[in-house]
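Notes follow once the structure below has been shown.
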Amino acid sequence: MPMSVQDTIHSIMHRFLPVRNLSDEDRLVLKRLVEVDLVNDIRTILIDQNLYTIKGRVGQARWADVPWIGIHDRRIDSAATTGVYVALLFKVDGSGFALSIQMGTEGLSYKQIKMRSAQQHRFFSPLWDDFSQSPLSLRPQPVDLRTFPTTSRPAKYEVANLVGKEYHKIDSLGSIENDISRIICMYNDWVGTLLGSDDESAYQEALEPVATTDIYINERPPDRLERTYVKVGSLHPQRDPKQGAIAERICQYRCEGNENHETFLRENGIPYLEKHHLIPMERYFETSIDHFVNIYCLCPLCHRAIHHAHKAERKSLIEKLFNARQKTYKEFYGVDLNDLLKFYNI
């Protein structure tokens, strides 16, 4: 008979924690429960399963003191190292677990995590009173920092909580499926806000037109911005409107998808064009792709077409734009047409 979410969690807490006390045989059973059974149990709760990647983790190089499940939205940076995701985290001693919207902590000190999570709290106001933004309690209390230094993962998970709720071993778990749905609801609300704030409307307005491109025309793309400059949860660094303004000047304010396409004039008398990164900004390159060599200026019709037209029309437009700068893409990014079409799932 298949186990429910509460049954699987109950089994893990009562039979397989603390991890450090387990035999090798029991650790393998725990691995299956966390990485397979509980993942599948949680997947059945989610309304739109295609939006999420769900992974269970018991450690890689060594066994983790805190086994956990991560629920990651595919539309944003939801990596456990750098992004924002929903986690189910078991307490070190097996006395309970927590549901939490977590912020990635890779490369950050304990002090930096505390500071960044505090900065993010205003974007994650709890929708229900039983969820809290206080640090979690995943380690045995009272805390002995000589045993559990603040560089430990459990300590980092505690302060990386953006919104969370804790459960004790003796608690009834009858509400857990509903609670998972509720925390996903909060997560979805925030993701929607993030995606809306990443809208390119402000970028399309750009700066005032550049007077000349002579000083830029031979400029090579710089290195990609370091991770510290990236907005939490965003898949890409913030766009630089200056690069769009340079691209407009180079194309002489004509649509590069079809120069016969006319568009309306902005208040400054310049034709309105939208900027499109041919290598999508979601792609990771060591060289910056928010640079005028990767930016095409398109009329609104062509810009919508490259994103939403049928496959044949999209492919034709992408090929046209790529061929106009084929040598540039190979030199600066090592990308050929086949690579580019894969970025667009064509």
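Of the helices (runs of 4 or more DSSP H) that lie entirely inside the stretch 231-340, those containing 3 or more residues that are at pLDDT 90 or above and surrounded by fewer than 20 Cβ atoms within 10 Å (Cβ to Cβ) span 300-308, 311-324, 326-333. Annotation for the stretch 189-205: no member residue is assigned to a helix (DSSP H, G or I), at pLDDT 85 or above, more than 17 Å from the chain's Cα centre (by Cα) and among the β-branched types (V, I, T). Collect the residues in the stretch 109-135 that are open to solvent by 20 Å² or more (accessible area, probe 1.4 Å) and either within 20 Å of F16 (Cβ to Cβ) or hydrophobic (A, V, I, L, M, F, W, C) (or both), keeping them in residue-number order. Hits for the stretch 109-135 are M115, A118, F123, L127, W128. State whether one or more residues within the stretch 37-48 are hydroxyl-bearing (S, T, Y), closer than 22 Å to E282 by Cα and either open to solvent by 10 Å² or more (accessible area, probe 1.4 Å) or out of contact with any Cys (no Cβ under 7 Å at 6 or more places or on another chain) (or both). Taking every residue of the stretch 37-48 in turn, none turns out to be hydroxyl-bearing (S, T, Y), closer than 22 Å to E282 by Cα and either open to solvent by 10 Å² or more (accessible area, probe 1.4 Å) or out of contact with any Cys (no Cβ under 7 Å at 6 or more places or on another chain) (or both).
Considering each of G59, G70 in turn, give the residue that is modelled with pLDDT under 95 and under 22 Å from R153 (Cα atoms).
Exactly one residue qualifies, and that residue is G59.
Only one of the listed residues (G56, G83) is open to solvent by less than 30 Å² (accessible area, probe 1.4 Å), within 30 Å of M281 (Cβ to Cβ) and among the small types (G, A, S). That residue is G83.
Residue by residue, here is whether (1) open to solvent by 80 Å² or more (accessible area, probe 1.4 Å); (2) at pLDDT below 70; (3) out of contact with any His (no Cβ under 9 Å at 6 or more places or on another chain); (4) not in a loop (DSSP other than H, G, I, E, B) holds:
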| residue | (1), (2), (3), (4) |
| --- | --- |
| V143 | no, yes, yes, no |
| T150 | no, yes, yes, no |
| P154 | no, no, yes, yes |
| V163 | no, no, no, yes |
| S181 | no, no, yes, yes |
| E219 | no, no, no, no |
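Applying a threshold of 6 Å to beta carbon distances and a minimum spacing of six or more residues, or different chains, the list of pairs starting in the stretch 231-245 at a residue that is touching a residue at least 40 places away in the same chain (Cβ under 8 Å) and ending at one that is of a type in the set (S, T, Y) and open to solvent by less than 40 Å² (accessible area, probe 1.4 Å) reads R239/Y203. For the stretch 34-50, residues that are touching a strand residue (DSSP E or B) at 6+ places or on another chain (Cβ under 6 Å) and over 13 Å from I180 (Cα atoms) total 2. Among residues of the stretch 125-141 that are more than 21 Å from I176 (Cβ to Cβ) and modelled with pLDDT under 95, those with a beta-carbon under 8 Å from a residue that is among the aromatic types (F, W, Y) and in a loop (DSSP other than H, G, I, E, B) at least six positions away or on a different chain give the pairs R139/F148; P140/F148. Of R75, R62, all but one fail to be out of contact with any Asp or Glu (no Cβ under 7 Å at 6 or more places or on another chain), within 30 Å of G107 (Cα to Cα), open to solvent by 40 Å² or more (accessible area, probe 1.4 Å) and touching a residue at least 60 places away in the same chain (Cβ under 8 Å); the exception is R75.
The values are calculated or read from the model by the stated rules, or taken from the named source; none is laboratory data. Owing to the predicted nature of the structure, the values given are computational and were not obtained by experimental measurement. No Cβ is skipped: glycine too gets one built from the backbone with ideal geometry, and neighbour counts run over all protein chains shown. SASA here: full protein model, heavy atoms, side chains in, ligands and nucleic acids out. Shrake-Rupley method; radii C 1.70, N 1.55, O 1.52, S 1.80 Å.
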